Amino acid sequence: MGETLKPGSEDQVADAISWAVSEEKPLEIVSGGTKRGYGRPLQTACTLDLSALDGVALYEPDELVLSAAPGTRVSEIEAMLAEQGQQLAFEPMDLGPLLGAPPGQGTLGGVIACNLAGPRRMSAGAARDHLLGLRGVSGRGEAFKTGGRVMKNVTGYDLCKLLTGSFGTLAAFTHLTVKVLPRAQRVRTVLLMGLEPAAAVKAMTEALQSSHEVSAAAHIPAGLIASIPVDRISEPGASVTAVRVEGFGPSADYRCAALRQMLDHWGALDELHTQNSRAFWQAVRDVRPFWPDSGDERSVWRLSVAPSEGPGAANRILDHIDGDAVFDWGGGLVWLALNEPGADSVREAVNQIGGHATLVRAAEPVRAANDVFQPQPGPLATLSRRIKESFDPKGILNPGRMGLAD
Amino acid sequence: MEMPAPDQTVIERRAEIVDALRAIVPGEGVKANEDELRAFEVDGLTAYRQLPLIVVLPETTEQVAQVLRYCQADGIKVVPRGAGTSLSGGALPLADGILLGLGKFNRVLEIDFDNRCAKVQPGVTNLGITRAVEHAGFYYAPDPSSQIACTIGGNVAENSGGVHCLKYGLTTNNILGVELVTMAGEIVRIGGKHLDSPGYDLLGVLTGSEGLLGVVTEVTVRLLRKPTSQRALLIGFPSSEAGGDCVAKIIGAGIIPGGLEMMDKPAIHAAEDFVHAGYPLDVEALLIVELDGPEVEVDYLIERVEGIAEGCGATSVRVSQSDEERASFWAGRKAAFPAVGRISPDYYCMDGTIPRRRLPEVLKRTAEMSRHYGLRVANVFHAGDGNLHPLILYDANKPGELERAEEFGAEILKLCVEVGGVLTGEHGVGVEKRDLMEVQFDEVDLKTQQRVKCAFDPDGLLNPGKMFPRLHRCAELGRMHIHRGQMPFPDLPRF
């Protein structure tokens, strides 16, 4: 590990990157540093530490907008929002614990750079859908802005989308503005016990096709249920298929009752109220069943597929390699923990089915030897490479983090 | 508004280009007669007209790819077009460019209720998608006011919104994937039925790129279940401040209405005179609040909003008791543009977005400008998301009035940027606001965007003259100035 640069202002970020360009010293960009193990491992001369760019600069609850520096902890932002009855609606997952870091350390910059979202992704969007504007410094050492602070904006290209999920390979963020939304007064989770994944996805599909505005739908198999910190779920020891509704009291109650009636034909039913629901969905969000604190050191893959294909995709892989699968997004998000890296089986399954797979957790040599992200077909890879070059012609920012092309 | 000087050598080769295009798209698909071209000379921004060199209407993705490959190889400019409803001149033709119409791509390819999505061709109208799925209780959420005519391809190009986008999002939040043909004629698939493709979010940057990055030949859209009930409130206020305060309090109470629209006095009067919606005429601001969802939720929220409105000094509150009454509340708002068209020979619709709390100040200064320019203005406002549509009334037959209206419009947009907003919330930059981009963005911002254009279209052949005030060669944009030996600030912490 070489020198660490810790700028305290946007000018200093620009200066640090300009210096790195002139010295041809690639930079690893970090803020909280909790997701260093996510993506292809880096071998950079220097580290650009953005953690000194910290703090919420603007929060106007009735305008639904918040601006903060990239090093601001998400937990701090969420606490501030909760005081006003608001939240980050994309429900950003706290990836740290899955990778072995303590909970609550992740920063806004990291969440945006990795486009993290949680169970509410399918109803409320991902980080990409909530970033309104940003300032940053490109690999040219130039400070630039894009977007703004208003909800509705089509002025120029939407570079916010391009930069969200770019894993620090295009620019170092210096200022981020996000849309915030009301936090539900009441949460209800309808539980179905004992279903197999294929039936679970059918039940979740039925719920998601209804007019009951389901905000999340997940399935956890029996073998992993003990890790869920909600007694009502972990004690029976059966698999759980969970469907969440949120909103004002009368509405959440009504929809919960209506869903229970509708899903009754799937067998054993139960429900969770607000506090238990929050604990349960946080565990789903952060993939609690695969945390290494209980000794789980398996490789973890994240598959995004058409929801109806989730169980099939998991089966194709688990037929060849021992492991476990957790389903979120009504079946569209599959978290797999495998006893071996399994890259060939995973890629083959995804190529057959459509969608993509990311190797979220694996030992460094495994991530160095395999594509962490889904390899892109030729023309798409060419476009991506040209975009990288346009922002960072000298390959200074997180080179190689996303794959071989960058 | 100046467009890039037409390339005479291309214009002189017209006959040869027509032949080449006919070899790719046989029969009626290539239009070269002036009469036929006339139908394509203008889009929704009617102040600007230009006959295209040639119109091509391909029917297959492969034809699109071949046309673009040919144009790239021969250095011919291309303007893509859906239904031509752009309000910013996004589909304004070029004298030395072919117009690539996607109107024949009008099929719904697949409806997948299990995965709550549909695959459609770009020429399907926005409303056509909903028509195709509503039998099963589903719909496509973004609803631009031109939804009966505008196409999903154009919606992707412009990132179209609508009155429900505060709650349901814009086009960019409601599409999952596209098939795209690049200017080099390569066919690329981005996304699909799954979410969040890895790699750079090309789908995100493509949406709203105004036809400058590629030609979309297929779109996968998300489908939502229709809410089971909808009710609306019609609330009058003695001042725009009181109306704005009410909007802030509704949102502050955690309520995100399906629709939240405000009109000022001139707009209220024009609309009422036109459709007799029963709007109160003694108010300065009128708010339409629409709530949707399960009946129990809607009824509960109607009461909450009613209480909030009364607390904000509302002078009249009506709650819809039937779908007919709800429709009557909307009738005036939906007819606001034609209603204004009735009281003035011409009107010019602006589209800035502002932080909502700055509304009273923006309205006041707009009124001052109105006096200064001697032109009337009526305002309709997507109050939930801060998107303001001032309608400037003018008469194009009076010498100099169009120019004055444009100047007035530009002043309003500059004001929007000054108070922390943006030039355009949903209509796009196009040719209309191209020269104002430097008000909102500095040179580095714009060059950063233009380099993305270069990544997709290095020769700058796709829809040139739109969005960017200055054209730069990609080689020039790509150049980088490195200052060797420059050290970071001495106070930069290093470890």
**Prompt:** On average, how much area does the Cα convex hull of the range A:328-373 cover when viewed from any direction, in nm²?
**Reply:** 3.4 nm²
**Asked** Which whole number gives the average count of other chain Cβ atoms within 10 Å of the Cβ atoms across peptide A:209-220?
**Response** 3
**Request:** Step through the residues of the range A:151-168 one at a time and calculate ³J(HN,Hα) from phi using the Karplus curve (6.51 cos²θ - 1.76 cosθ + 1.60, θ = phi - 60°), rounding each to whole Hz and writing x for Gly and Pro.
**Result:** 5, 10, 7, 10, 7, x, 5, 7, 6, 4, 5, 4, 7, 5, x, 8, 6, x
**Message:** Please compute the contact order of chain A in relative form: average sequence separation of alpha-carbon pairs under 8 Å and at least six residues apart, divided by the residue count, as a percent.
**Reply:** 19 percent
**Fill in**
Inverse of <1/r> over all distinct C-alpha pairs of chain A, i.e. the Kirkwood Rh in Å, gives 21.9 Å
**Asked** Taking 0.36 nm per residue of separation and subtracting the Cα-Cα distance, what length does fully extending B:LEU281 through B:SER239 add?
**Response** 13.8 nm
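As a test of understanding, state the convex hull volume per residue of the range A:131-197 from its alpha carbons, in Å³.
Numbers: hull volume 10.9 nm³, N = 67.
Convex hull volume per residue, Cα atoms: 162 Å³.
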**Request:** Enumerate cysteines in chain B without a disulfide-compatible partner, where compatibility requires another Cys Cβ under 4.7 angstrom.
**Result:** B:CYS71, B:CYS117, B:CYS150, B:CYS165, B:CYS349, B:CYS416
**Complete:** Rounded to the angstrom and largest first, Cα extents along the principal axes for the range B:346-450 equal 41, 31, 21
**Complete:** Expected integer from the mean partner chain Cβ neighbour count at 10 Å over B:347-359 is 3
**Request:** Tell me the Kirkwood hydrodynamic radius of chain B in angstroms, computed as one over the mean inverse distance between distinct C-alpha pairs.
**Result:** 24.1 Å
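Count the DSSP beta bridges whose two residues both fall in the range A:1-151, then state the antiparallel fraction as a percent rounded to the nearest 5. Working shown, then result.
On the way: 10 of 16 bridges.
DSSP beta bridges in the range A:1-151 are roughly 60 percent antiparallel.
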**Selected from A:VAL372, A:VAL284, A:VAL230 as most flexible by GNM, with chain A as the system and alpha-carbon contacts under 10 Å** = A:VAL230
**Request:** With 10 Å bins from zero, work out the P(r) of the range A:222-309 over every alpha carbon pair and list the percent per bin.
**Result:** 13, 39, 36, 10, 1
**Prompt:** Over the Cα atoms of the protein assembly as shown, what Rg and Dmax result, in angstrom?
**Reply:** 27.0, 81
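Can you give me the relative contact order of the range A:77-204 as a percent, contacts being Cα pairs under 8 Å and 6 or more apart?
Details: 176 pairs, mean separation 34.9, N = 128.
That works out to 27 percent.
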**Fill in**
Of the convex hull drawn through the C-alpha atoms of the range B:81-151, the volume per residue in Å³ is 89 Å³
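Would you mind getting me the FRET efficiency between B:SER229 and B:GLU411? Use the beta-carbon distance for r and R0 = 51 Å, nearest 0.05. Can you show the working numbers first?
Details: r = 43 Å, r/R0 = 0.84.
The value I calculate is 0.75.
If packing is taken as the mean number of other Cβ atoms within 10 Å per residue, what is the order of A:94-107, A:211-224, highest first?
Working: A:94-107: 19.7, A:211-224: 22.5.
Output ranking for A:94-107, A:211-224: A:211-224, A:94-107.
Using a 10 Å cut-off on Cβ atoms, rank the peptides B:393-400, B:110-117 from the highest mean neighbour count down. The partial results should precede the final answer.
Numbers: B:393-400: 13.6, B:110-117: 18.8.
The peptides rank, most packed first, as B:110-117, B:393-400.
Ignore the peptide's own chain and count Cβ atoms of other chains within 10 Å of each Cβ in A:95-102; give me the average, rounded. Mind showing how you got there, number by number?
Numbers: counts 0, 0, 0, 0, 0, 0, 0, 0.
So the per-residue partner count for this stretch is 0.
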**Prompt:** Once phi is turned into θ = phi - 60°, what whole-Hz ³J(HN,Hα) does the Karplus curve with 6.51, -1.76 and 1.60 give for every residue of the range A:145-150, x standing for Gly and Pro?
**Reply:** 10, 8, x, x, 10, 9
**Item:** Angle in degrees between helix A:10-23 and the longest Cα principal axis of chain A, rounded to the nearest 10
**Value:** 70 degrees
**Request:** Based on other C-beta atoms within 10 Å, arrange B:TYR140, B:TYR348 from fewest to most.
**Result:** B:TYR348, B:TYR140
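Averaged over all directions, how much area does the convex hull of the C-alpha atoms of the range A:27-103 cover when projected, in nm²? Don't skip to the answer; put the middle values down first.
Details: hull surface 24.0 nm².
Here the figure is 6.0 nm², rounded to one decimal.
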**Asked** Listing A:GLU63, A:GLU24 from the residue with the fewest other Cβ atoms within 10 Å to the one with the most, what is the order?
**Response** A:GLU24, A:GLU63
**Request:** For A:LYS145, list the aspartates and glutamates whose Cα falls under 15 Å from its own Cα; do not include residues on the same chain fewer than 8 positions away.
**Result:** A:GLU10, A:ASP11, A:ASP158, B:GLU438, B:ASP442, B:GLU443, B:ASP445
**Complete:** Sequence order, the range B:91-97: Karplus ³J(HN,Hα) from phi using 6.51 cos²θ - 1.76 cosθ + 1.60, θ = phi - 60°, Hz rounded, Gly and Pro as x, gives 10, 4, x, 10, 5, 10, x
**Unit charges on C-beta of K, R, D, E only; dipole of the protein assembly as shown, Debye** = 700 debye
**Prompt:** Nearest 10 degrees, 0 to 90: what angle lies between the long axis of helix B:240-252 and the longest principal axis of chain B (Cα atoms)?
**Reply:** 80 degrees
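Using the structure shown, list the pairs from B:LYS226/B:LYS334; A:LYS152/A:LYS202; A:LYS6/A:LYS394; A:LYS161/B:LYS193; A:LYS179/A:LYS394; B:LYS226/B:LYS414 with a Cα-Cα distance above 30 Å, or answer none.
Values: B:LYS226/B:LYS334 21 Å; A:LYS152/A:LYS202 36 Å; A:LYS6/A:LYS394 21 Å; A:LYS161/B:LYS193 19 Å; A:LYS179/A:LYS394 33 Å; B:LYS226/B:LYS414 39 Å.
Table pairs above 30 Å Cα-Cα are A:LYS152/A:LYS202; A:LYS179/A:LYS394; B:LYS226/B:LYS414.
Return the FRET efficiency for the residue pair A:ASN351, A:LEU99: r is the Cβ-Cβ distance, R0 is 22 Å, and the value is rounded to the nearest 0.05. Display every interim value, and only then the final one.
On the way: r = 27 Å, r/R0 = 1.20.
Between A:ASN351 and A:LEU99 the formula returns 0.25.
Let a ≥ b ≥ c be the square roots of the eigenvalues of the Cα gyration tensor of the range A:17-146; is it rounded (a/c under 1.5), or, if not, prolate (a/b larger than b/c) or oblate? Can you show the working numbers first?
Numbers: a/c = 2.03, a/b = 1.47, b/c = 1.38.
The shape class here is prolate.
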**Asked** Hey, with R₀ at 51 Å, roughly what FRET efficiency would A:SER234 and B:ASP442 work out to, going by the Cβ-Cβ distance, to 0.05?
**Response** 0.40
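Taken together, the values in this text are just the output of simple stated rules run on the coordinates, not laboratory data. From a predicted model like this one, the values you see are computed outputs, not experimental measurements. No Cβ is skipped: glycine too gets one built from the backbone with ideal geometry, and neighbour counts run over all protein chains shown.
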